[in-house]
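The values are calculated or read from the model by the stated rules, or taken from the named source; none is laboratory data. Remember, predicted model here, so these are calculated numbers, not experimental data. Quick reminder, even Gly has a Cβ in these numbers, built from the backbone with ideal geometry, and neighbours come from all protein chains shown. Just so you know, the surface numbers come from the protein's heavy atoms only, side chains and all, with ligands and any DNA or RNA stripped out. Shrake-Rupley method; radii C 1.70, N 1.55, O 1.52, S 1.80 Å.
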Amino acid sequence: MIYQILLEELPYLLQGVLIIIELLVLLLLLGLIVGIALSAMEVYGNFFLRQSARAFIRIFRGVPATVLLFLVYYGMSGLYDIPSFAAAVLALGLRSAAYQSQIFRGAIESIPSGQMKAAHAIGMNKIQGVLFIILPQAVRLSIGPWSNEFSSELKATSLAYLVGVVELLRRGKYIVSYTYGNALVVFVFCGVIYFILTRLGNNLLYKFEIRISVPGFERRNVRESTIKG
Amino acid sequence: MKRKLNGVVWLLVVVFLMVSINLSFAGGQQEAEGEVYSAGIEAAFPPWAYAEKGEYKGIVVDAVRAIEELEGFNVEYKDLPWPSLIPALEQGKIDMVVTGLSVTCERAEILDYTIPFFALKDVVLVAEGSGTSMAEATGDGARIGVQAGSTQHDWVEANIVDKKNNVKLSTYEDFLMAVNDVDSGRLDAVVVDRLSALQYIEKGSPIEMVGELDNARSVAMAVGKGDPNGILGKLNRGFVTIYENGTWEEILKSYLPAGLEIDPIPTQMRDCIDTYQDPVPGLD
């Protein structure tokens, strides 16, 4: 009976969930750091910084994730034998950085230019203005679009099996293969797990959005406008 | 601000703990005597190699386990999807492929085969009770499914697609999905090796065999071209030994339907395979 088998395989499927979460947190973190840096280079950088950021973004947004995974995993062989998990973090994380950079660029550019002038007026230099005045406001505006990136990268982790990361969906495939069937039941089961993870993660993000909102300062009322889910 | 930062720091700590636990598990397996080879496995290929409850199983996995003990080496499995296995072997990411790999002259140019341990034929499967005949399943206008990059793929392309009219060939990452599509009516037939077909039918899949293809072939394992790690001799010697001491028969009986004849190892060795010319490594 397939439900009996699913129950018996549950510990191994949950290991797969753990791997997804590790992969997701690390790749989003890499994407966040590199993404913010890229957006800052694009908005505030000189010609050279701006163009190199754009080149990076063009490449990593323009090439399929599977190709990036293969490039990172196989491309360095001979020089460095990169482990599967690290290859997945690097390939998906850098791709995410390219996507995230545009979220932050949009948010930074939406902050009125008067804010920077005001920062200068109270004696801040450009870097201080960006760090203490612009970014704190921009990050607040980024959470909505960033929850898109979170949701989409969560599902993109299921591509990591291509370079040998045995994550949830791959483990589901194992079950389908040795039971000679049951594809629908097993994949729907995995789908429900992805759904729950997406929902939990987005809930956390929206809670964070509410917590960092400044009452009376926001142009909209976050508490009311945030769609739950 | 302090509370928020705390949350982020905790999240990071938890993730790094999880990663390090994972790494230490992986490291724990290496503490064994003898050389450790990296073995590529497509663990969705029963009965040759598959994974059940976190453990790799299958005919070739069991055979390699027996040979490991005989020859005093260890393998560490690395699961890769089937289309990646041979490229990974070429790139040196893995030292051997642990699965039932069909022996073909073309593949022999990029990898080295062990001695063949099984003879196989491919069969044509159709949906149970569909009444599709062999002629319909492989004739004009047929919709046929195969596993991508498989020997069946090449054979069907050369002998059916190129010779009949309007044949639609669909490729799948693994043939299970193809069998599903036969069941749901998206395909007329799927071409798969006879052993897998028998397993499907035994497990109660709603499919039936309508005929055999004229393409008998052998199945072997593979190592990197030129055998850079010197494993080929150990594997060949191991296969002959487990055949002679009866281990092989036990393994096959535990996976295959009863009454299937067991071929002596090595099975037929083709002339175009360089590692099958005298002296064959490990056989003297």
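Within the range B:110-121, the set of residues being assigned to a strand (DSSP E or B) and either at pLDDT 90 or above or within 14 Å of chain A (Cβ to nearest Cβ) (or both) comprises B:Leu111, B:Asp112, B:Tyr113, B:Phe118.
Note on the range A:77-106: among residues that are facing chain B (nearest Cβ under 10 Å) and loosely packed, with under 14 Cβ neighbours inside 10 Å, the one that is nearest to the chain's Cα centre (by Cα) is A:Asp81.
Here is a yes/no grid of residues against (1) within 20 Å of A:Tyr12 (Cβ to Cβ); (2) modelled with pLDDT of 90 or more; (3) surrounded by fewer than 23 Cβ atoms within 10 Å (Cβ to Cβ):
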{"site": "B:Gly34", "(1), (2), (3)": "no, no, yes"}
{"site": "B:Pro83", "(1), (2), (3)": "no, no, yes"}
{"site": "B:Val97", "(1), (2), (3)": "no, yes, no"}
{"site": "B:Ala108", "(1), (2), (3)": "no, yes, yes"}
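Against the test of being under 22 Å from the mean Cα position of the chain (by Cα), within 13 Å of chain A (Cβ to nearest Cβ) and either closer than 13 Å to B:Val123 by Cα or part of a loop (DSSP other than H, G, I, E, B) (or both), the options B:Val156, B:Val192 yield a single qualifying residue, B:Val192.
Among residues of the range A:169-213 being free of Cβ contacts under 8 Å to residues at least 24 places away in the same chain and more than 11 Å from chain B (Cβ to nearest Cβ), the one that is surrounded by the most Cβ atoms within 10 Å (Cβ to Cβ) is A:Gly191.
Selection within the range B:31-54: residues that are in contact with a helix residue (DSSP H, G or I) (Cβ under 6 Å, 6 or more places away or on another chain) and among the aromatic types (Phe, Trp, Tyr). The member of this set that is farthest from the other protein chains (Cβ to nearest Cβ) is B:Trp48. With respect to being assigned to a loop (DSSP other than H, G, I, E, B) and small (Gly, Ala, Ser), B:Gly259 fits the description. Looking across the range A:1-56 at every residue that is acidic (Asp, Glu) and under 23 Å from A:Leu90 (Cα atoms), the one that is farthest from the other protein chains (Cβ to nearest Cβ) is identified as A:Glu42. In the range B:55-81, the qualifying residues are those that are hydrophobic (A, V, I, L, M, F, W, C) and under 21 Å from A:Glu9 (Cα atoms), and the one that is nearest to the other protein chains (Cβ to nearest Cβ) is B:Leu80. The set of residues in the range A:171-202 that are of a type in the set (Lys, Arg) and either within 23 Å of B:Ala197 (Cβ to Cβ) or not in a helix (DSSP H, G or I) (or both) contains only A:Lys173. Among residues of the range A:57-76 being within 14 Å of another protein chain (Cβ to nearest Cβ) and hydrophobic (A, V, I, L, M, F, W, C), the one that is least open to solvent (accessible area, probe 1.4 Å) is A:Leu69. Quick check on B:Val192: is it closer than 28 Å to B:Ile110 by Cβ and surrounded by fewer than 21 Cβ atoms within 10 Å (Cβ to Cβ)? No; evaluated as a whole, the condition is false for this residue.
Considering (1) open to solvent by less than 10 Å² (accessible area, probe 1.4 Å); (2) on the phi > 0 side of the Ramachandran plot; (3) of a type in the set (Gly, Ala, Ser), the lone condition that B:Gly92 does not fulfil carries the number (1). Per the listing B:Lys253, B:Lys234, the residue uniquely part of a helix (DSSP H, G or I), closer than 22 Å to B:Leu85 by Cβ and open to solvent by 10 Å² or more (accessible area, probe 1.4 Å) is B:Lys234. Candidates B:Glu136, B:Glu128, B:Glu208, B:Glu173: the one that is open to solvent by 30 Å² or more (accessible area, probe 1.4 Å), out of contact with any strand residue (DSSP E or B) (no Cβ under 7 Å at 6 or more places or on another chain), in contact (Cβ under 8 Å) with a residue 60 or more places away in the chain and outside the structural domain of B:Ser102 (by TED's automatic domain parsing) is B:Glu173. Among the residues making up the range A:1-18, a single one is touching a Ser or Thr at 6+ places or on another chain (Cβ under 8 Å) and closer than 15 Å to B:Ala51 by Cβ: A:Ile5.
Here A:Val166 clears all of (1) buried (at least 20 other Cβ atoms within 10 Å of the Cβ); (2) in a helix (DSSP H, G or I); (3) of a type outside the set (S, T, N, Q) except the condition numbered (2).
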